[in-house]
Amino acid sequence: MKDKFLNTLQLIGMTWLSPLVKLASGDNPREQFADLFRYVGLPFIAVAAFLFLWAGLASKVDTSLGQLPGPVQVWDQVQGLAEEHERERHKAEAFYERQDERNAKKLAKDPDAEIKWREYTGKPTFLDQILTSLVTVFTGFLLGTLIAIPIGIACGLSKTLYGAVSPLIQIFKPVSPLAWLPIVTMVVSGVYVSADPMFQKSFITSAITVMLCSLWPTLINTAVGVASIDRDLINVARVLRLGWWTQVFKIAIPSAIPMIFTGLRISLGIGWMVLIAAEMLAQNPGLGKFVWDEFQNGSSDSLGRIMVAVLAIGLIGFLLDSLMLTLQKIFSYDRSVELR
């Protein structure tokens with residue numbers, strides 16, 4: 001039972017709890033306290049030192065918007081943004097209550113009356129923009145994955161195809177999102193024409209830009225993983241006269257899973273970084289637009305709010321990488337992979 005619980009902790013990336021579980025089961029206390037210090041104590045000391053240096057140096061930096069905010073000022077902005085979110089939610093609830101009451105009175109007078117239902121159009125809060133950014137990055141990431149994995153598998157199975165595609169990969173892989181964005185914006189504006197669009201053009205522009213910049217690591221790692229399959233497995237498949245699709249799904253993909261997930265982790269990290277720049281320029285609601293709006297606002301609280309966004313971007317990026325790491329451990333035979 002203990003071993004299963006420890007394996008589960010390792011699987012979900014909570015190895016730092018293992019010493020506590022082992023202590024509770026009576027394992028060597030000295031060894032477990034040493035592990036606990038390594039997993040928890042050292043990171044805590046590092047974070048505390050960072051906060052101490054930040055607080056000390058921030059007070060010595062003056063900008064056009066005032067003094068650079070330290071940890072205390074940034075925490076105040078976190079609380080302020082949380083309060084703004086609560087106020088906006090209360091406004092939305094009050095708006096829908098008034099709308100329901102108005103429609104109920106209208107129907108009471110005339111049961112056949114046509115009622116109108118309007119969505120609340122208040123200002124998106126910081127939490128709303130975080131959610132928008134997550135939806136956008138996962139949309140672009142999934143689109144890129146659907147393109148990259150099939151092409152990567154085909155390239156891995158065919159040296160001729162990989163030789164043909166490789167120059168294109170090397171040309172487009174280093175292109176900055178700032179270069180893609182104007183092209184994507186013009187293409188979306190010219191192609192996506194609708195009187196009642198399902199998605200905003202800015203959302204599609206940001207998602208496609210994320211897709212174009214993030215698919216390359218997955219494509220390359222998939223191709224390398226498939227090409228590195230033991231040739232004996234391929235020869236056995238040919239002897240057994242397995243079909244091409246059977247070879248792909250029974251041999252190629254399972255053998256290349258570790259490399260594929262390594263590519264997916266890198267792609268998701270790149271997509272998250274690209275998204276912020278894309279949202280700034282495309283003005284798609286999200287963390288990038290939040291940072292840009294605060295920079296343009298120029299109030300005394302702007303620097304603190306931007307710092308909150310920076311920390312949120314970093315924390316979310318860490319959580320996304322941890323999520324991909326957990327999925328890699330679930331679908332791969334390799335349980336020893338760690339955060340890098």
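The numbers here are math on the coordinates, done by the rules we state, and not lab data. Nothing here was measured: the structure is a model prediction, and the numbers come from that model. Neighbour counts are summed over all protein chains in view; Cβ atoms, including those assigned to glycine, are modelled from backbone coordinates with ideal geometry.
What's the center-to-center distance, using Cα atoms, between the stretch 29-82 and the stretch 267-327 in Å? One Cα centre to the other: 19 Å.
Taking θ as phi - 60° and the Karplus parameters 6.51, -1.76 and 1.60, the scalar couplings of the stretch 229-245 work out to 4, 4, 5, 4, 5, 5, 5, 5, 4, 5, 4, 7, 6, 6, x, 4, 5 Hz in sequence order, x denoting glycine and proline. Across the chain, the relative contact order, built from alpha-carbon pairs under 8 Å that are at least six residues apart, equals 20 percent. Residues whose amide H lies under 5 Å from that of GLY70, counting only those 5 or more places away or on a different chain, are absent; hydrogens are built 1.01 Å from N in the peptide plane.
Using a Cα-Cα cut-off of under 17 Å, which aspartates and glutamates could be cross-linked to LYS22, ignoring same-chain neighbours fewer than 8 residues away? Answer for LYS22, where 17 Å is the Cα cut-off: ASP3, GLU31, ASP35, listed by chain and number. The Cβ shell under 11 Å around ILE306 holds other residues with a net charge of -2, Lys and Arg each +1, Asp and Glu each -1. With θ taken as phi - 60° and the Karplus curve 6.51 cos²θ - 1.76 cosθ + 1.60 applied, the whole-hertz 3J(HN,Hα) list for the stretch 293-308 is 5, 5, 5, 6, 5, x, 7, 5, 8, 4, 4, x, 5, 5, 5, 4 Hz, x standing for glycine and proline. Listed by Cβ neighbour count within 10 Å, with the fewest neighbours leading, ASP27, ASP100 appear as ASP100, ASP27. The lysines within cross-link reach of LYS106, meaning a Cα-to-Cα straight distance under 23 Å and a gap of 8 or more places when in the same chain, are LYS91, LYS116.
For the chain, the spread of Cα positions along the three principal axes, ordered from largest to smallest, is 78, 62, 50 Å. Tell me whether the stretch 105-214 comes out rounded, prolate or oblate; compute the Cα gyration tensor, take square roots of the eigenvalues as a ≥ b ≥ c, and use a/c under 1.5 as the rounded threshold. It comes out prolate by the Cα gyration axes.
Each residue of the stretch 312-328 is assigned a 3J(HN,Hα), and the resulting list reads 5, 4, x, 5, 5, x, 5, 5, 5, 5, 5, 4, 5, 4, 5, 5, 4 Hz, derived from the Karplus form 6.51 cos²θ - 1.76 cosθ + 1.60 (θ = phi - 60°), x at Gly and Pro. In terms of other Cβ atoms within 10 Å, VAL175, VAL74, VAL274 run from fewest to most in the order VAL175, VAL74, VAL274.
Can you bin the stretch 62-154 into rounded, prolate or oblate? Criterion: square roots of the alpha carbon gyration tensor eigenvalues sorted a ≥ b ≥ c, rounded for a/c under 1.5, prolate for a/b above b/c, oblate for the rest. Oblate is the answer for the stretch 62-154, as a/c is 1.5 or above yet b/c matches or exceeds a/b.
In a DSSP loop and with at most 16 other Cβ atoms within 10 Å, the GluC sites (Glu not before Pro) in the stretch 40-121 are GLU114, GLU119. Residue order for PHE138, PHE203, fewest other beta carbons within 10 angstrom first, comes to PHE138, PHE203.
In a fully extended conformation the segment linking ARG241 and ASN103 would gain 42.9 nm over its present Cα-Cα distance, using 0.36 nm per residue.
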